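Just so it is clear, none of the values below were taken in a lab; they were calculated from the coordinates. What you see is a predicted model, and the numbers here were worked out from it, not measured in a lab. We place every Cβ from the backbone using ideal geometry, glycine too, and count neighbours over all the protein chains shown.
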Amino acid sequence: MFCNYTAIAQHTDYVDDTQTQVLADSTRSYFIPDVSHKIMNCSKTRSKWFSAKLGFAPILDYNAVIQDNDSKDQVGNQESRWDIRSARVMVRGKINFKTK
């Protein structure tokens, strides 16, 4: 089963030397939208000693089960369900050293 969909991602073709950050093409809608800046600011901290940013990356699986009567007799009724295959919590940032 192959699906023929166009994958849309951010690209840097519209970035010139004067632009300080890469901006998303706001004329298109993305399959997974960006998280709002308000939520992203809640996951950041900064002090004079360090800066940190919290991240989370889950990998989800969905198991769809279709059974005939023979299968139900052999293993019982199996339900379709979601499962978290893997989840990672990340903290990244910088340690600020003063140099003289």
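So which residues in segment 76-100 are surrounded by 10 or more Cβ atoms within 10 Å (Cβ to Cβ) and either more than 30 Å from K48 (Cβ to Cβ) or of a type in the set (A, V, I, L, M) (or both), if there are any at all?
Q78, R81, A87, V91
Listed here are the residues, each with its yes/no results for (1) among the charged types (D, E, K, R); (2) within 23 Å of D34 (Cα to Cα).
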| position | (1), (2) |
| --- | --- |
| F50 | no, no |
| F56 | no, yes |
| L60 | no, yes |
| V65 | no, no |
| D68 | yes, no |
| S86 | no, yes |
| K98 | yes, no |
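Where in segment 44-100 are there strands (runs of 3 or more DSSP E), lying wholly inside it, with at least 1 residues that are free of Cβ contacts under 8 Å to residues at least 12 places away in the same chain?
In segment 44-100, the matching strands (runs of 3 or more DSSP E) lie at 44-46.
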